[in-house]
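Peer 1: Sharing a structure below in structure tokens format, with a few things to ask.
Just so it is clear, none of the values below were taken in a lab; they were calculated from the coordinates. This is a predicted model, so every value here is computed, not measured. Every residue, glycine among them, receives a Cβ derived from its backbone with ideal geometry; neighbour counts consider all protein chains shown.
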Amino acid sequence: MKTGFRYKFAALFTAGLLLYVGIAILGRRVSAAPPTGASVTGTIKLDGTPPHERPIDMSKEPSCAKIHENNPVRTESVVVGPNGGLQNVVVYVSEGLSGNEPASTEVQSWDQKGCQYIPHVMGLDVNQHFKVVNSDQTSHNIHPQPKNNSEWNKSQPPGSQPFDMAWTNPEVAIPVKCNIHPWMHGYMVVVKGPYGVSDNNGDFKVSGLAPGNYTLTAWQETYGTQTQKVTVTVGKPATVNFTFKAK
Amino acid sequence: MAKLLAVTIIVIAIASAVPIVMHTWVAPVDISTHGPLIDQQMSETMAEAGISFLAAQLILAIFIWKFSGRSKDAKIERFPGGSMGLVLAAFLLVGTEVLALGAFGTKAWAKVYFTAPAADSMPIQVQAGQFAFYFRYPGPDGKFGPLHPDKIDEANQNFFGLDPANDPDSKDDIVTAEMAIPVNKEIHLLMHSKDLGHSFYVRELRVQQDFVPGLDLSLHFTANKIGKYEIVCTQLCGLGHYNMRAYLEVMSQSDFDSWLKQQAANQ
């Protein structure tokens, strides 16, 4: 008699639990975020002559110098593509985020290759993971210098495993240097919400936005920031172009 | 047993002297005008220290051989004149030897440090910083522009902190990562450190000079053999110390001129 009651109780309890979980899941569905399929695209241009970018002499590190033997590397403070597009500009939403934007989950790669950082500028969502890779035949010591996040530096001998990191606070921008090779420099731009980084044509895309009004900020390592307001609707991506003036 | 020890000591002493007397390990090629003096000083020191070493080992072996068979009750002989005489004799002998080495060495030392560089020597500034050397040539005006440490910007290759926009003397300064020099031309090296202690060492040049933070040091030398040599840091300076080096290229005057022109175009 007592055993039967126990089974009944267990069955009822399980059914109740399932019902609760079901309602919870359905409830989540009901109160889910508004659609975030809208996006902003655009092109970044440079108005004027870019500054002279000096060639980098890597003779101290023969394994890297050899890679660039026929194609010397230059500094990358302003990189202009063949069509006049400005590369390495990070565009992000500085105002108007609803907080429901999907987090960027793609694990980015920060490669140390030929004694350069590839990419030179990397956009990141807060808490978005990135892998630090050493593809060189020499040791590197990566040293990001944040102000709003905790600072660290790590040595990576050749052939060592990539390691995984993330930044917990937004910060525009974190300079990254190599403690062994003084010429190695790059930036990590940590923002909340979606972002885009311009390519060699100056084109960028910020996706994952809900329809609404936003302020977009474009950041360039030498020229600083610019902002523009934009209204985003579902369907057709909104277009915003930025033009930086050469100093 | 003791006699065996005496023989072993002699064998070890002679065996360790053989490669040095036979010049089994030769010094790296010397490419400087002051190098022969340093090499001569090294071999004099080696000869003197070597002879003293062999003599000491021989005396030690003789004593072991001679007095090993003594009975426990044998009287201990005293050194003539007592211990005071012995100490004085040793003190005078070693003191004279060290002083003599120093006196003969002044030649080599003074040639680099106590004489001024020739008026027509070529100035090159070298800056050591974790973990690379950078060099600066004054350009056609022959003047180095002032340094502004706050303007150091490694991302843009401004390692020295130059401000060519405001300092006319800096406009034509040439900054390089490699040190090229013309052969048979006296070089006046002006050295400073950006951060902490480093050292400038080129073994073929017979030059080794520490960088001391806060001090402007200078030395001068003339290289007389064309070639490519390594400049290394020989003062432990941190995690990248093992990798802190640059290259010295001794070139003919015409090669040097075109090299410098090329470097100037890269600024």
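Peer 1: Given H placed on each backbone N at 1.01 Å, which residues far from B:S32 in sequence or on other chains put an amide H within less than 5 Å of it?
Peer 2: For B:S32, the qualifying residues are B:N224.
Peer 1: Could you work out how much longer the chain between B:A165 and B:E44 gets when fully extended? Use 0.36 nm per residue separation minus the Cα distance between them, nm to one decimal. The partial results should precede the final answer.
Peer 2: Working: separation 121, 0.36 × 121 = 43.56 nm, distance 5.41 nm.
Residue separation times 0.36 nm, minus the Cα-Cα distance, leaves 38.2 nm.
Peer 1: Also: From other protein chains only, count the Cβ atoms within 10 Å of every residue's Cβ in B:237-248, then give the mean.
Peer 2: The mean count of partner-chain Cβ atoms within 10 Å per residue comes to 3.
Peer 1: Fewest Cβ neighbours within 10 Å first, please rank B:V112, A:V234 accordingly. Walk me through the numbers on the way to the answer.
Peer 2: Values: B:V112 18, A:V234 12.
The order, fewest Cβ neighbours first, is A:V234, B:V112.
Peer 1: For a test of the definition: using alpha carbon positions, the gyration tensor, and the 1.5 limit on a/c, classify chain A as rounded, prolate or oblate.
Peer 2: Oblate shape, in that a/c is at least 1.5 and b/c is the bigger or equal ratio.
Peer 1: Using the Karplus curve 6.51 cos²θ - 1.76 cosθ + 1.60 with θ = phi - 60°, work out ³J(HN,Hα) for each residue of the stretch B:117-131 in order, rounded to whole Hz, and write x for Gly and Pro.
Peer 2: Working through the residues one at a time gives x, 4, 4, 9, 5, 9, x, 9, 9, 10, 10, 9, x, 4, 10 Hz.
Peer 1: Right, next: When you look at the Cβ of every residue in A:54-61, what mean number of other chain Cβ atoms sits within 10 Å? Working shown, then result.
Peer 2: Values: counts 6, 5, 3, 10, 2, 8, 12, 4.
What the average comes to for A:54-61 is 6.
Peer 1: Further, regarding this structure: I need to check one value: relative contact order of chain A, counting alpha carbon pairs closer than 8 Å and at least 6 residues apart, in percent. List each step's numbers first, then the result.
Peer 2: Numbers: 556 pairs, mean separation 69.5, N = 247.
Value for chain A: 28 percent.
Peer 1: Only four residue types carry charge here, +1 at the Cβ of Lys and Arg and -1 at the Cβ of Asp and Glu. Report the dipole size of chain B about the Cα centre in Debye, rounded to the nearest 20. List each step's numbers first, then the result.
Peer 2: Working: 20 positive and 27 negative charges, 341 e Å.
Magnitude of the dipole: close to 1640 debye.
Peer 1: Averaged across A:175-182, how many Cβ atoms of other chains sit within 10 Å of each residue's Cβ atom?
Peer 2: Working: counts 1, 1, 2, 3, 5, 10, 5, 13.
Taking the mean over all residues of the peptide, I get 5.
Peer 1: For B:E230 and B:A89, what is the calculated FRET efficiency with R₀ set at 51 Å and r taken between the beta-carbons, to the nearest 0.05?
Peer 2: Details: r = 46 Å, r/R0 = 0.91.
Efficiency, rounded to the nearest 0.05: 0.65.
Peer 1: With a ≥ b ≥ c taken as the square roots of the eigenvalues of the C-alpha gyration tensor of the protein assembly as shown, please select rounded if a/c is under 1.5 and otherwise prolate if a/b is larger than b/c or oblate if it is not?
Peer 2: Oblate, because a/c is 1.5 or more while a/b does not exceed b/c.
Peer 1: Provide B:F211, B:F144 in ascending order of the number of other Cβ atoms located within 10 Å of each residue's Cβ, fewest first. Don't skip to the end; give the middle numbers.
Peer 2: Working: B:F211 26, B:F144 20.
Fewest to most other Cβ atoms nearby, the residues stand as B:F144, B:F211.
Peer 1: Follow-up question, since we're still on this one. Can you tell me which of B:D172, B:D39, B:D120 moves the most in a GNM of chain B? Springs connect C-alpha atoms under 10 Å apart.
Peer 2: Looking only at B:D172, B:D39, B:D120, the largest GNM fluctuation is found for B:D120.
Peer 1: Continuing with this model, one more query. If packing is taken as the mean number of other Cβ atoms within 10 Å per residue, what is the order of A:76-82, B:91-97, B:145-151, highest first?
Peer 2: A:76-82, B:145-151, B:91-97
Peer 1: Next up: Tell me which residues come under 5 Å, amide H to amide H, from B:Q267 once H is placed; ignore anything under 5 positions away on its chain.
Peer 2: Close amide H contacts, sequence-distant or interchain: none at all.
Peer 1: Given the options A:G96, A:H185, B:T106, identify the residue whose Cα lies farthest towards the positive end of the charge dipole of the protein assembly as shown (+1 on Cβ of Lys, Arg; -1 on Cβ of Asp, Glu).
Peer 2: A:G96
Peer 1: What list of ³J(HN,Hα) couplings, whole Hz, do you get for the stretch A:93-105 from phi and the Karplus terms 6.51, -1.76, 1.60, once you set θ to phi - 60° and write x for glycine and proline?
Peer 2: 8, 9, 8, x, 5, 7, x, 9, 4, x, 6, 6, 10
Peer 1: Something else: Classify the stretch B:168-226 from the C-alpha gyration tensor, please: rounded if a/c falls under 1.5, else prolate or oblate depending on whether a/b exceeds b/c. Write out the running numbers ahead of the final one.
Peer 2: Values: a/c = 2.03, a/b = 1.11, b/c = 1.82.
The shape class here is oblate.
Peer 1: Kindly rank A:105-112, B:212-219, B:226-233, A:40-47 from highest to lowest mean number of other beta carbons found within 10 Å of each residue.
Peer 2: A:40-47, B:226-233, A:105-112, B:212-219
Peer 1: Can you run phi through the Karplus equation (6.51, -1.76, 1.60; θ = phi - 60°) for the stretch B:186-202 and list ³J(HN,Hα) in whole Hz, with x for Gly and Pro?
Peer 2: 6, 10, 9, 8, 9, 10, 8, 9, 7, 10, 9, x, 9, 8, 10, 10, 10
Peer 1: Modelling each spin label as a point 7 Å along the Cα-to-Cβ direction, I'd like the A:A103/A:T222 distance in nm, to one decimal.
Peer 2: Placing both labels 7 Å along Cα→Cβ, they lie 3.7 nm apart.
Peer 1: Ranking B:D255, A:D57 by Cβ neighbours within 10 Å, fewest first, what do you get?
Peer 2: So the ranking, lowest neighbour count to highest, is B:D255, A:D57.
Peer 1: Name the residues whose placed amide hydrogens come within less than 5 Å of the amide hydrogen of A:G193, ignoring near sequence neighbours (fewer than 5 apart) on the same chain.
Peer 2: HN-HN under 5 Å from A:G193: A:V126.
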